[in-house]
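Here the structure comes first, spelled out in structure tokens, and everything after it is commentary.
The values are calculated or read from the model by the stated rules, or taken from the named source; none is laboratory data. Bear in mind that the values here come from a model prediction, so they are computed numbers and not experimental data. We place every Cβ from the backbone using ideal geometry, glycine too, and count neighbours over all the protein chains shown. For the accessible areas, the whole protein counts, side chains as well, though only heavy atoms, and no ligand, DNA or RNA atoms are used. Shrake-Rupley method; radii C 1.70, N 1.55, O 1.52, S 1.80 Å.
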Amino acid sequence: MNKNYKEWLNKGWLFFTVAVLFLWAKTYYGLKTAFTLDIENSIQQFILIITPISSILFFLGLAFFFSPKRRNKAFMTIYFLLSFVLYANVVYFRFFNDFITLPVLMQYKNFLDLGGSAKSLMHPMDLLYWVDFAILLIWLLRSKAKPALAFRKRTIGMIYAAVIGIAAVNLNLAEQERPELLVRTFDRAKLVKLLGIYNYHIYDSVMTAKTSSSRVFADSNELTEVLNYVNSKQGQAGVNGEYFGKAEGKNVVLVSLESTQNFVINRKMNGQEITPFLNDLIDDSFYFSNFYHNTGQGKTSDSEFIIDNSLYGLSRGAVFTTNANNEYNATPEIIKEHGYTPVSLHGNHDSFWNRNTMYKTLGYDHFYSKEEYHVTDENSVNYGLKDIPFFEQSMPMIKGLDKPYYAKFITMTNHYPYVTNNENMEMIEPAETGDGSVDRYFQTVRYMDESVKKFFEMMKEQGEYEDTIFILYGDHYGISENHNRAMSEILGKEIRPFEHVQLQKVPLIIHIPGMEGKEMTTVGGQIDLKPTILNLLGIDENNDVQFGTDLFSEDREDKTILRDGSVVTDKYVYAAEAELCYDKETGEEIDGEACAPLKQEAQTELNYSDKVVNGDLLRFLESETEKTEE
Ligand code: GP9
Ligand code: MN
């Protein structure tokens, strides 16, 4: 080896620069190839290129604070850890389509779940994530004099000045792309896209620390305050004696209709009904035509949480993942005490949305998940099993359950991006707005409708129908604001904040065999389902924290609060994001004064609910109840 070359190898700055470039290139490669980040424009592309550099310099630069003797080791350890964080996310993403969060890491079980398939999730090309580390290691070990990572204080200062400078540019651009990114959104893909994978983990750690500290500092007085609030609300609403116990002892079947908004009901596309079966079913059911979803970023999992607990989800993240170890008083747990067998059925992996952990917390006896269904390339699409085979394969499962059961069926085929993989699935023509996901949406909704029809037929054939009440509901919106242009074409009107809030309506159909149908116009939401179901079953659960009220009660307030702070009543619609107030009937924009108290009430109620979840307040419920009974 020539001497000159050897000398170069001993230069610390060269080693440092090469290491930084390696890690930068590798991280960019990961962001570009391993994750779906939906880069929408050249600014986002630029952000993606610069995001890794500030955190790489920041972390690798920490090595300079170690004594010269330990510095190389510290440097390589930090390099290894950053590589590991990147690679762990790459593998995790392949499976969960999501990024690792600290709460997920702490739920070690989720990782054990991944364990079996982790090997199959690794690809030969993944060596690319490690060759750089190997090269640097060999460089360090082979060069005799070892590159001395000794920089002048001024140089180190400059490195950190660069860190701050680049981070500021990054944050500024991110803020322009997504205003209030850090406070308002918790879409992990967006955070990674705009802040970079390493900064995302810093953000996640801060948020986790905040959540766990609010649990530590919570005390039972906070619960007393919440109890006073909900008890007075319950007291006002009361219970409708005519319906109390109407379905006592019957099986309860919940059907979560994936991404189904109410506007598809009784609507035609190209002259054909989109939901022919549901349209018929409505005639023999209680159909709630002013019913809204209350979900936030936890989507399906939020709807499940809200319905089982009558508590709101959080404004950031999904309670299913952030607070899965809290104490709750959920419907499955309550009705188990009354002899019910609570189960959930869904053709996706059991750990998706952390269901396997959360279901135990909520009191489900069993979760029939993808692992127990027969899933092939033909009978699955998108996240998993198609709805028709899902219901078909579920029949023997519920047949064997101890009665009465509380069984939740979660459909999945009508999920963004609304794809079909077989002509048989396409029972109507797509819409023609030119917006692919909106156009296909009608086909997958139609397919889901067919699957529910088959389900009802099978329930009848198997003699399960008569003794069962059916509660069908849309879990959350399917078409987001990004598709307003196409939606205005479909609805034939402009989508203003008023229409946007109205689009959060989802169908709720309560079908009780033998009872006559009726349209129910009361304004309500998923938050009201727990008290509604418990009352139908004749279960009186007082001294519980429920923010909803019985939808059958005549004295209930016609009102629902959406997770973003919007409020709908029989008179007004308050659109929180736009801060606009509308007349519910005419849709006319009116003076904000009319909505001011609603806005305030929404804040109060959502804050109370957040306190309960973040502070894990229901762990104090028993002692509180004892106090009031004394
Ligand atoms: C995944 C399915 C869809 O298992 O429930 O979840 P979503 O993305 O709608 O929350
Ligand atoms: Mn969903």
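Each residue in region 497-530 was checked for being touching a Gly at 6+ places or on another chain (Cβ under 6 Å) and open to solvent by 10 Å² or more (accessible area, probe 1.4 Å), and 1 pass. Checked across region 226-237, the condition of being within 16 Å of ligand 2 (Cβ to nearest atom), modelled with pLDDT of 95 or more and touching a helix residue (DSSP H, G or I) at 6+ places or on another chain (Cβ under 7 Å) holds for no residue. State whether one or more residues within region 233-255 are within 28 Å of Y465 (Cα to Cα), within 16 Å of ligand 1 (Cβ to nearest atom) and not hydrophobic (A, V, I, L, M, F, W, C). No, the conditions are met nowhere in region 233-255.
Tally up the residues in region 223-258 that are β-branched (V, I, T) and under 23 Å from L472 (Cα atoms), please. Please lay out each step first, then the result.
First, the residues of region 223-258 that are β-branched (V, I, T): 224, 226, 230, 239, 252-253, 255.
From what is left, the residues that are under 23 Å from L472 (Cα atoms) are 239, 252-253, 255.
Here the count works out to 4.
For region 335-358, the candidate set comprises residues that are away from ligand 2 (no atom under 16 Å from the Cβ), open to solvent by less than 10 Å² (accessible area, probe 1.4 Å) and not in a loop (DSSP other than H, G, I, E, B); within that set, the residue that is nearest to D98 (Cα to Cα) is V343. What is the number of the single condition among (1) buried (at least 21 other Cβ atoms within 10 Å of the Cβ); (2) more than 19 Å from D544 (Cα to Cα) that R316 does not meet? Of the numbered conditions (1) buried (at least 21 other Cβ atoms within 10 Å of the Cβ); (2) more than 19 Å from D544 (Cα to Cα), the odd one out for R316 is (1). A single entry from E461, E466, E481 fulfils the requirement of being surrounded by fewer than 18 Cβ atoms within 10 Å (Cβ to Cβ) and over 20 Å from V253 (Cβ atoms): E481.
Assigned to a loop (DSSP other than H, G, I, E, B) and among the hydroxyl-bearing types (S, T, Y): which single residue out of Y447, Y473, Y477 fits that description? Residue meeting the stated conditions: Y477.
Which residue is nearest to ligand 1 (Cβ to nearest atom), if the candidates are limited to region 359-396 and must be assigned to a strand (DSSP E or B) and surrounded by fewer than 23 Cβ atoms within 10 Å (Cβ to Cβ)? Quick ask: steps written out before the conclusion?
Filtering region 359-396 for residues assigned to a strand (DSSP E or B) gives 366-368, 380-381, 384-385.
Those left that are additionally surrounded by fewer than 23 Cβ atoms within 10 Å (Cβ to Cβ): 366-368, 380-381, 384.
Details: H366: 17, F367: 11, Y368: 13, S380: 12, V381: 13, G384: 7 Å.
Applying the filter and picking the extreme gives G384.
With respect to the stated conditions, T295 fails to be in contact with a Leu (Cβ under 6 Å, 6 or more places away or on another chain), open to solvent by 10 Å² or more (accessible area, probe 1.4 Å) and among the hydroxyl-bearing types (S, T, Y).
Could you check region 191-295 for helices (runs of 4 or more DSSP H) lying wholly inside it with 3 or more residues that are polar (S, T, N, Q)?
Details: elements: 197-217, 220-237, 276-283.
The qualifying helices (runs of 4 or more DSSP H) are 197-217, 220-237.
Evaluation of K453 against the conditions (1) within 16 Å of ligand 2 (Cβ to nearest atom); (2) open to solvent by 10 Å² or more (accessible area, probe 1.4 Å); (3) not in a loop (DSSP other than H, G, I, E, B) shows that the sole unmet condition is (1). Residues that are among the polar types (S, T, N, Q), part of a loop (DSSP other than H, G, I, E, B), on the phi > 0 side of the Ramachandran plot and assigned by TED's automatic domain parsing to the domain that holds L537 do occur in region 309-323. Kindly check whether there is at least one residue in region 475-486 that is more than 16 Å from ligand 2 (Cβ to nearest atom) and within 21 Å of S232 (Cβ to Cβ). Within region 475-486, none of the residues are more than 16 Å from ligand 2 (Cβ to nearest atom) and within 21 Å of S232 (Cβ to Cβ). Of all residues in region 405-448, those satisfying the criterion of being away from ligand 2 (no atom under 16 Å from the Cβ) and either open to solvent by less than 10 Å² (accessible area, probe 1.4 Å) or touching a Lys or Arg at 6+ places or on another chain (Cβ under 6 Å) (or both) are Y405, Y406, A407, M425, M427, I428, P430, A431, V438, F442.
I'd like the full set of residues that are touching a residue at least 60 places away in the same chain (Cβ under 8 Å) and either touching a strand residue (DSSP E or B) at 6+ places or on another chain (Cβ under 7 Å) or not in a loop (DSSP other than H, G, I, E, B) (or both), limited to region 585-603. Spell out the reasoning first.
Kept after step one, since they are touching a residue at least 60 places away in the same chain (Cβ under 8 Å), are these residues of region 585-603: 587, 589.
E589, the sole residue that qualifies.
When F35, F65, F58 are checked against the criterion of being open to solvent by 10 Å² or more (accessible area, probe 1.4 Å) and under 19 Å from F99 (Cα atoms), F35 stands alone in meeting it. Taken as a whole, the structure places K559 among residues that are open to solvent by 20 Å² or more (accessible area, probe 1.4 Å) and under 23 Å from P507 (Cβ atoms).
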